[in-house]
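Reviewing the structure listed below.
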There are 2 protein chains.
Amino acid sequence: MPHDHACPGCAAPDLAFATHDHALCSSDVLIRAEAMAQASGARMTPVRRRVLEILLEDHRAMGAYDVLQRLAAEGFGNQPPVAYRALDFLVEQGLAHRIARLNAFAACMHPGEAHAPAFLICRLCSTVAEAPAVPVRAALGVAAEAMGFVIERSSIEALGLCPACQRPA
Amino acid sequence: MPHDHACPGCAAPDLAFATHDHALCSSDVLIRAEAMAQASGARMTPVRRRVLEILLEDHRAMGAYDVLQRLAAEGFGNQPPVAYRALDFLVEQGLAHRIARLNAFAACMHPGEAHAPAFLICRLCSTVAEAPAVPVRAALGVAAEAMGFVIERSSIEALGLCPACQRPA
DNA sequence: ATATGAATGTAATATCATAACACGTCAAGA
DNA sequence: TCTTGACGTGTTATGATATTACATTCATAT
């Protein structure tokens, strides 16, 4: 799916693992996210925007309570629903992903593209990258079909070592 | 991997979704599990065996606290570690699987085969089936390799409708 | 028989998530 | 203009999942 605004995830699929201008990367995503929200009528309120900014600070997944702590320190509400609601909103809008294995959330690097990536999670540095998963999902679909099962949603998450962390300590 | 003892999962890959003699199915797994434990020197204690039996009662995933409640009712300890320890043991031995999406555990239908299945979870009846995932993992490996990531473990879980639940209500 | 390590029991606590309700804002329609 | 209703936020309370730490018991091999 080609698109106008810069999409860091498409420009560099291995973005999370590569050294890059992260300030630019995250502002690109934010700009796209705002545009998306406009277009879809979703309301990008201060809490929601701030949560997305916090998630964008690095390519890691954050727990809801970590986000909450940040919000509270900045004068937003300090009860769990404040964080969960904003996170749920972002996930629904395709601006963030939930990583089931980690019970945590990460900003999406392909905002608005209706994709369903596989997640690659480095067990040393905790970086989370989105890998293209079309062939993976195709294979999964075949396996499911053979058993008469119809897939509605699926999560594909891998734990391992990112390029940087593979080098000897 | 061919094997001597009956392995319900291999005999019928779509086992969980098909009507079958479940008493036989679960006793087959239990027999294989015992044999495995013998062979590997692992100790199949009463709590552990009982937890496996409970998981084998049907092809669903159970939360640790559900298991715990059953254990407590039968005179075992009634604190969470009792259930978690037994469940962790079974997972380590390859006799049960943890389903991340559900924060729950299901008995393995291929005990002792060192496999890494994809899980197909029916959102209506909650049945969990293990699907062969070799091609899926291969595709995932390719995607990861392209990004320089080395996979150590991965979880592939799909939510959808099983054959029975696809029929109109 | 006894030393050893493994397994179990228990208390306490940490971590993740949701339900329910009150309040404020803002825009659409009476 | 007033009102109503949807939505977002704040807060309390609670529920659900998981772990740490330590004491005790049990199995096994000397």
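Laid out as a table, the results:
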quantity: Number of the condition not met by residue B:95 [criteria: (1) within 16 Å of DNA strand C (Cβ to nearest atom); (2) within 14 Å of chain A (Cβ to nearest Cβ)]; calculated: (2)
quantity: Residue B:21 vs. criteria of a type in the set (D, E, K, R) and surrounded by 18 or more Cβ atoms within 10 Å (Cβ to Cβ); calculated: no
quantity: Pairs with Cβ under 7 Å, 6+ apart, first in segment A:150-169 and more than 7 Å from every other protein chain (Cβ to nearest Cβ), second at pLDDT 95 or above and in a strand (DSSP E or B); calculated: A:165/A:122
quantity: Check on residue B:126, of a type in the set (Ser, Thr, Tyr) and under 21 Å from residue B:18 (Cβ atoms); calculated: yes
quantity: Every pair of residues 6+ apart whose Cβ atoms lie under 8 Å, when the first sits in segment B:100-118 and is within 22 Å of residue A:146 (Cα to Cα) while the second is within 16 Å of DNA strand C (Cβ to nearest atom) and of a type in the set (Val, Ile, Thr); calculated: B:106/B:99
quantity: All positions within segment B:42-58 that are more than 9 Å from DNA strand C (Cβ to nearest atom) and exposed (fewer than 14 other Cβ atoms within 10 Å of the Cβ); calculated: B:57
quantity: Residue check for residue B:116: within 15 Å of the chain's Cα centre (by Cα) and under 30 Å from residue A:18 (Cα atoms); calculated: yes
quantity: Number of positions in segment B:89-103 that are surrounded by 14 or more Cβ atoms within 10 Å (Cβ to Cβ), part of a helix (DSSP H, G or I) and out of contact with any His (no Cβ under 8 Å at 6 or more places or on another chain); calculated: 5
quantity: Elements of type helices (runs of 4 or more DSSP H) in segment A:2-79, at least 3 residues being within 16 Å of DNA strand D (Cβ to nearest atom), touching a Gly at 6+ places or on another chain (Cβ under 9 Å) and not aliphatic (A, V, I, L, M); calculated: none
quantity: Enumeration of residues in segment A:113-141 that are more than 7 Å from chain B (Cβ to nearest Cβ), more than 20 Å from residue A:60 (Cβ to Cβ) and either touching a Phe, Trp or Tyr at 6+ places or on another chain (Cβ under 9 Å) or modelled with pLDDT of 95 or more (or both); calculated: A:134, A:137, A:138, A:141
quantity: Verdict on residue B:86 being part of a helix (DSSP H, G or I), small (Gly, Ala, Ser) and away from every other protein chain (no Cβ under 14 Å); calculated: yes
quantity: Matching option when the condition is within 13 Å of chain A (Cβ to nearest Cβ), within 16 Å of DNA strand C (Cβ to nearest atom) and among the polar types (S, T, N, Q), among B:78, B:103; calculated: B:103
quantity: Residue within segment B:71-78 that is closer than 30 Å to residue A:129 by Cα and either free of Cβ contacts under 8 Å to residues at least 24 places away in the same chain or not hydroxyl-bearing (Ser, Thr, Tyr) (or both) present; calculated: no
quantity: Positions within segment A:81-99 being of a type in the set (Gly, Ala, Ser) and more than 10 Å from DNA strand D (Cβ to nearest atom), in sequence order; calculated: A:94, A:96
quantity: Neighbours by Cβ (under 7 Å, 6+ apart or cross-chain): first from segment B:40-61, under 10 Å from residue B:26 (Cβ atoms); second part of a loop (DSSP other than H, G, I, E, B) and not charged (D, E, K, R); calculated: B:52/B:95
quantity: Sole residue being within 15 Å of the chain's Cα centre (by Cα) and either away from DNA strand C (no atom under 16 Å from the Cβ) or surrounded by fewer than 20 Cβ atoms within 10 Å (Cβ to Cβ) (or both), chosen from A:143, A:86, A:61, A:133; calculated: A:133
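The values are calculated or read from the model by the stated rules, or taken from the named source; none is laboratory data. Owing to the predicted nature of the structure, the values given are computational and were not obtained by experimental measurement. All Cβ positions, even for glycine, are placed from backbone atoms using ideal geometry, and neighbour counts span all protein chains on display.
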